1. Of the numbered conditions (1) closer than 14 Å to H201 by Cα; (2) crowded, with 18+ Cβ neighbours inside 10 Å, L87 fails exactly one; give the number of that condition.
2. Of everything in region 116-175, what is among the β-branched types (V, I, T), in a loop (DSSP other than H, G, I, E, B) and either in contact with a helix residue (DSSP H, G or I) (Cβ under 8 Å, 6 or more places away or on another chain) or at pLDDT 95 or above (or both)? Give them in sequence order.
3. Residues in region 30-72 that are within 12 Å of T8 (Cα to Cα) and in contact with a strand residue (DSSP E or B) (Cβ under 7 Å, 6 or more places away or on another chain): how many?
4. Here are the criteria: (1) at pLDDT 75 or above; (2) surrounded by 19 or more Cβ atoms within 10 Å (Cβ to Cβ). Tell me which single one G93 does not satisfy.
5. Determine which single condition T205 fails, assuming it passes every other condition in (1) modelled with pLDDT of 95 or more; (2) buried (at least 18 other Cβ atoms within 10 Å of the Cβ); (3) farther than 28 Å from Q33 by Cα.
6. Can you pull out the residues in region 35-84 that are buried (at least 16 other Cβ atoms within 10 Å of the Cβ) and of a type in the set (G, A, S)?
7. What residue, of V36, V51, V69, is of a type in the set (V, I, T) and farther than 22 Å from L123 by Cα?
8. Limited to region 7-34, what total is found for residues that are touching a Cys at 6+ places or on another chain (Cβ under 8 Å) and either surrounded by fewer than 16 Cβ atoms within 10 Å (Cβ to Cβ) or within 18 Å of Y78 (Cβ to Cβ) (or both)?
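The values are calculated or read from the model by the stated rules, or taken from the named source; none is laboratory data. Not measured: the values here are computed from a predicted model. Counting neighbours? That spans all protein chains shown, and the Cβs are built from the backbone with ideal geometry, glycine included.
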Amino acid sequence: MLVIGFPTGALQANCFVLAAGEGEPCVIIDPGQDAVEPIEQALRKHRLAPVAVLLTHGHFDHTFSVTPVCDGNDIPAYIHPDDVEMLSDPLKGVSRESAVFFGGNLEMREPNEVRELKDGTDLDLAGLKITVDHTPGHTGGSVMFRSGVQEGGRLVISGDTLFAGSIGRTDLPGGDHSRMLSSLQNKVLTLPDDTVVLPGHGQTTTIGRERATNPYLLQLQDAVPDAQAAPHRGL
């Protein structure tokens with residue numbers, strides 16, 4: 001599998017391009033601010049043809065370029081229905097301070113074609129089998145995407161559900177700390193240790209490393225229910 005990743009915009013949200021190999025169809029995950037040009041460069045360099053954009057959640061640092069990328073390539077965007085409103089109302093999911101920073105106005109619109117993601121769905125895109133896990137907590141419509149083979153090579157694109165050493169904040173509109181803990185318990189801790197984690201911000205990690213060192217996962221494993229979400233580089 002070919003995996004290309006790079007941070008985008010002021011909040012350094014990670015954008016990923018996944019393909020079976022060079023010269024193949026591909027999917028684009030979380031095209032954030034200023035993502036159009038690096039995406040186009042990656043497509044040219046590796047001779048890739050995009051077939052879809054997948055969104056881990058609706059926050060604008062992960063979705064800002066979704067419409068030009070989708071409409072410019074005549075491809076659909078996939079997002080969980082609980083977050084779809086943020087595609088046309090990006091300030092819906094941000095803090096009051098963030099809204100003030102943008103002058104109370106941040107204009108976006110939905111791509112021409114938007115498709116809904118559902119928990120447990122297996123997507124067959126670009127020659128890749130991608131499983132959708134609904135992981136509410138950071139937002140109501142947060143999801144993770146799993147791909148790869150069963151014996152090694154497992155991959156999860158975790159969005160802002162899980163980071164290296166931390167988890168996504170739950171104090172923004174649509175966030176829910178108890179749902180986050182449930183998502184971590186039922187969708188993250190159940191993954192094999194050798195699963196590579198591509199998070200929404202920051203560096204790559206593995207489930208095994210996070211199981212052993214991430215304080216929030218450690219607290220869950222110790223059955224401490226009141227872990228507090230840590231700040232991170234996202235919204």
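1. Result: L87 fails condition (1) only.
2. Of all residues in region 116-175, those among the β-branched types (V, I, T) come to 121, 130-132, 135, 139, 143, 149, 156-157, 161, 167, 170.
Checking which are in a loop (DSSP other than H, G, I, E, B) leaves us with 121, 135, 139, 149, 161, 170.
Once the filter is applied, which keeps residues that are among the β-branched types (V, I, T), in a loop (DSSP other than H, G, I, E, B) and either in contact with a helix residue (DSSP H, G or I) (Cβ under 8 Å, 6 or more places away or on another chain) or at pLDDT 95 or above (or both), region 116-175 yields T121, T135, T139, T161, T170.
3. Step one: list which residues in region 30-72 are within 12 Å of T8 (Cα to Cα), which gives 30-39, 60-65.
Now narrow it down to the ones that are in contact with a strand residue (DSSP E or B) (Cβ under 7 Å, 6 or more places away or on another chain): 30-35, 38-39, 61-62.
Selection size over region 30-72: 10.
4. (1)
5. For T205, the exception is condition (3).
6. A35, A42, A52, G58, S65, A77
7. Details: V51 fails: farther than 22 Å from L123 by Cα; V69 fails: farther than 22 Å from L123 by Cα.
Answer to the selection: V36.
8. Initial filter on region 7-34 (touching a Cys at 6+ places or on another chain (Cβ under 8 Å)): 7-8, 17-19, 28-32.
When the remaining residues are screened for being either surrounded by fewer than 16 Cβ atoms within 10 Å (Cβ to Cβ) or within 18 Å of Y78 (Cβ to Cβ) (or both), the result is 17-19, 28-32.
Looking only at that region, the number is 8.
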